1. Reachable lysines from LYS466, Cα under 17 Å, same-chain residues fewer than 8 places away excluded?
2. Could you check the spin-label model distance between HIS190 and ILE300? Points 7 Å from the Cα along Cα→Cβ, value in nm.
3. Please give the calculated 222 nm ellipticity per residue for the chain, where each DSSP H segment of at least 4 residues contributes -39500 (n - 2.57) and the sum is spread over every residue; nearest 500 deg cm²/dmol?
4. Based on alpha-carbon centroids, what's the gap between region 415-493 and region 17-33 in Å, whole number please?
5. Dividing the alpha-carbon Rg of region 171-329 by 2.2 N^0.38 Å yields what?
6. With a bin width of 5 angstrom, please list the P(r) values of region 281-421 as percents of all Cα-Cα pairs, from the 0 bin to the one holding the largest distance.
7. Here are some pairs, LYS364/LYS461; LYS3/LYS25; LYS243/LYS302; LYS176/LYS345; LYS215/LYS345; which of them have Cα atoms lying more than 22 Å apart in this structure?
8. Using only Cα atoms, find the angle between the long axis of helix 418-427 and the longest principal axis of the chain, and express it within 0 to 90 degrees, rounded to the nearest 10.
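Rule-based calculations on the coordinates, nothing more; no lab input. Since we're looking at a predicted model, the values are computed, not measured. Methodologically, a virtual Cβ is constructed for each residue, glycine included, from the backbone with ideal geometry; neighbour enumeration extends over all protein chains shown.
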Amino acid sequence: MYKGELHISNEYFQRQGDLLHIYMKVGYVNTTIGSEESLTFTPMLRSNNNMIHLSSVLVNGSNKEKVEHRAEVLQHKYRNDVAVVVKEGQTDRRFFIYESTVPYQSWMNHSALCVETERCNCNGHRAQTYEDCVLSNIQILYAENKSFDSLFLNGAFLAWMQILKPEKQKSSNFMKTGIIKEKDLENMSHNQAVFDVLSSKIKNALQYYGTTLNKVDLIVYGAPIGNYKKNESQSMARVHSLKRDLIHSRLISKNLLDVNCIVEDWDSISSLTEGSNIEMKEVILNIIKSVDVANGREKILKNLHQGIPYEYMHANFFPNVSRITYKLSFSREDIDIQTGRLLLKEDPSTMSLSDLYTVAFSYKTGSSEFNDIIYLAVQFFPENPEANINAAAIALMQGHTALAHKYLLHWQTDPRAYNNLGVLYLLEGNRNKAEVYLKLALSSGVNPRIYNNLGILYLLKGNKDKAEIYLQIAQSAGVEQATTILQYIKSEK
C-alpha cells in the first residue's frame, strides 16, 4: 500500500456472533512518514455495490508525535485514534497493530480489503490520498461464542479491577450550615425561633452513634434602619440576648458558641443592587462604594431622586439582608454498617469517604447498591484520587469506557490507577498501551489481579505460553478467574 511503502501481515478476519473482528499488523520503514508529517490509515471492505469504511487511525512522524503528546498531557486530553507505533528491534522498521470491530453482514465474506491512506498537508507538502486493493478475497473465520475474545468482552470484569479502600479514620468532621431570615420570623419570639431551628439540626445530627458537636458559629446581619449608632447598640443587645438564651437552654455550652454581628450588611445590599433593574443603579453603587456609613451614606441615598430608589431598596433588599447564618461543626467516630445505611438514606452529605465505603463494601461488589454508592462518593469527593479510580472501575465493569476516561484523566501518573488504565485500553483494543500500564502496575506493587490481567492481555495477543505463566501466578494467589481461563487454554490445546 501507499506507493509500496506500507505492507500488512498477520491479518485475520473473525466472526463472533453478530460481530466481525479485523486484525492486521502494518509495517513500514522509518523514512516512510516524515518527522513533521502524519498519515491517516482507513481500511475498507468492498463487494459489488456494498462498502463499509472501518475506523481510521492516525500515524504521526516522530517530531509531530512529540508535539501532539505534549499537548495531550498539558490539556488533559486523550487521543483514541492514534496508532501506537513500535520499533522492530534495532532495525529502521516500524509497525503498528490495527484492530477494529464492526457488525457482520453476509456480503463481507469473500469481500475485498482496500486501504485509503492520506498524507497530511504538512511541511510544505500538499495533501495526497492513495487507495489500494490489498486483498481481493478475504476469508472470514467463524468463532463460536465460547471463544476467549467473547469471554473477555462479555465476562465478569470484577477480578480485573482495582478498587481502593481508603484508610479507616478514627473520626471525621462535617458541617451543617444554613440561613434564618428575619422576615420568616414574624409573629414569633425571635430567640425561640432561632433556638428551634438550631435544636432541630443539632439533635438530628447527634442521634447517630459517635457524633459530637464541636462548635456553633452564628453571624447576625442587619439592615440600615436609621441612626447607625442606635442601630449598632440595638443589634449588640439582640446578639447578647440570643447568646444568653441559647446557653441557658443547655443546648450549646458557652465554650462552643461564637456569635458575631454585622450591623449593616452593605456588601449584600450592593450585590442585590447590582443584580437588579433599580433606577439609577450605577449612582447607588457609586455612593455605597465611595461614601462611608459614618459620613451619611444612608441619608444621601434617601435624598437621591426624591427618595424613590431608597424606598425600593427598603422594600425589596433590606428584608433579605436581615438574617442569621449558622455553621454547626461536628465530628463523628467511624460508623458501623447499619448507622451508615441510615445516614445514606437521610443525610449522605454528612458522611466521610470512609463512611460511604463502609456501606458500599457491605454489598456485593458490582451490585447496583455498591455501584450507586461508589458513583455517589465521587460526586461528594470529586478531587479525591480513590473516589475517581473506583468510579472508573465501576464504569469499566459496565462497559462505559468514555466515562472511565473522564474519571482517570487526572490520575494517569498515579500508580494506583495503572491497573484500571491497563484494563481501559484493553477494552478499547489498544493492547500495546494496555501492556505498558499493566507492566507499570506490576512494577508498582505485586497484586494478583495484575498477573491475571497480563495473562488476559497475552492470550488476546496470541501468546498462550506467556499468558499461561502469568495466569498460573494469579491462580496460585487465589484469583478464581485465572483458573477458568487456564481451563479454557487447556481445552483449546
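1. Candidates past the 8-residue exclusion: LYS439, LYS490, LYS493.
2. Using points 7 Å along Cα→Cβ, the separation is 2.9 nm.
3. Value at 222 nm, helices only: -13000 deg cm²/dmol.
4. 23
5. Taking the Cα Rg and dividing by 2.2 N^0.38 Å, one obtains 1.22.
6. Pairs per bin, as whole percents: 2, 8, 13, 13, 10, 6, 5, 4, 6, 8, 10, 8, 5, 1, 0.
7. Those over the limit are LYS364/LYS461; LYS243/LYS302; LYS215/LYS345.
8. On a 0 to 90 degree scale, this one is about 60.
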